[in-house]
Amino acid sequence: MALRLDHARSERLPRPMSDPCGMISPMAPTSSATVTDYLWFQERFPDLAQAYCLTLVDSLPPAAVLDRLGGRAEQSRTGVAAVVDEAFDLLERTANARQFIAMTTVGSWTLLIEPCGFPRVDEEQALPASAGTRWVSHFVSINALSAFLWAEDTTIRLMFDPTVPDDRWGATPDELLEAMHDSGFQFWSEVSETATDLSTPAAFALAERLTGVRITPGLLQEATFSCGSTEIG
């Protein structure tokens, strides 16, 4: 996997890039979401919250996103509980060879939900798929690794571990610094070692600020998802 998922591996990852020609446009946050808007996620959806990747892709329908990822179609599912069940079933049936993806549209965006998934924050997969669009992903693993990725047209604008927001990289690593503080990320100088970890709801809040898409319990419980799968490896 090409991307850093912990602080100790920082020397292996791409560092912030300059933009001498001014080709990268600034991003204005489109929401005022904070951690308090997403405290429900880990309480109400614990099976998903323990290991997930959530991605929002602008102006591409689910079929087009799946095609970019080299995936194949699977039977649709209604509600995230059915998605989680099928994701684990597919891993078992294929000996951990295929990753299940559930997709639905929210306005102009396609939402991807992947239980036990991380590939959409891997630059080798996410950056080519982000050509001509905005790609926002955040992920948590069963081993408590985490990552947040904002890409635009094959360029990493911002990437960081949500549990360590002080360490950021990409083409514009500080552009959303104020929005990160306002979202509720816990910077080293601002919290004690015993503070409750709010990195997951903060990641949801920042994704909403970048996309204008609010994820709600009703959406996760009631949406009918177009589904697909991709090879793991």
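Considering only protein heavy atoms, what is the solvent-accessible area of Ser32 at a probe of 1.4 Å, reported in Å² to the nearest 10?
About 90 Å², ignoring ligands and nucleic acids.
For the chain, modelled as a GNM with alpha-carbon contacts under 10 angstrom, which of Ala64, Ala171, Ala102 fluctuates the most?
Ala64
Taking only DSSP H segments of four or more residues, each worth -39500 (n - 2.57), what value at 222 nm results for the chain once the sum is divided by all its residues, to the nearest 500 deg cm²/dmol?
That comes out to -7000 deg cm²/dmol.
With all protein chains present, calculate the accessible area of Glu92 using a 1.4 Å probe and round the result to the nearest 10 Å².
Its accessible surface works out to 150 Å², give or take rounding.
Multiply the residue gap between Glu124 and Glu222 by 0.36 nm, knock off their C-alpha separation, and tell me the result in nm, one decimal place.
Between Glu124 and Glu222, full extension yields an extra 32.0 nm.
Helix 199-211 against the longest principal axis of the chain: what's the angle in degrees, Cα atoms only, rounded to the nearest 10?
Once rounded, one gets 90 degrees.
So how do Thr196, Thr110 rank on accessible area, 1.4 Å probe, biggest first, that is with the largest at the start?
Thr196, Thr110
With angles folded into 0 to 90 degrees, how steeply does helix 80-93 sit against the dominant principal axis of the chain? Use alpha carbons for both and round to 10.
70
Given the C-alpha centroids of the range 148-219 and the range 59-98, what is the distance between them in whole angstrom?
When both Cα centres are located, 26 Å separates them.
The values are calculated or read from the model by the stated rules, or taken from the named source; none is laboratory data. In this text the structure is predicted, and so the values were computed from the model without any measurement. These accessible areas exclude ligands, DNA and RNA; they are computed on the full protein's heavy atoms, side chains included. Shrake-Rupley method; radii C 1.70, N 1.55, O 1.52, S 1.80 Å.
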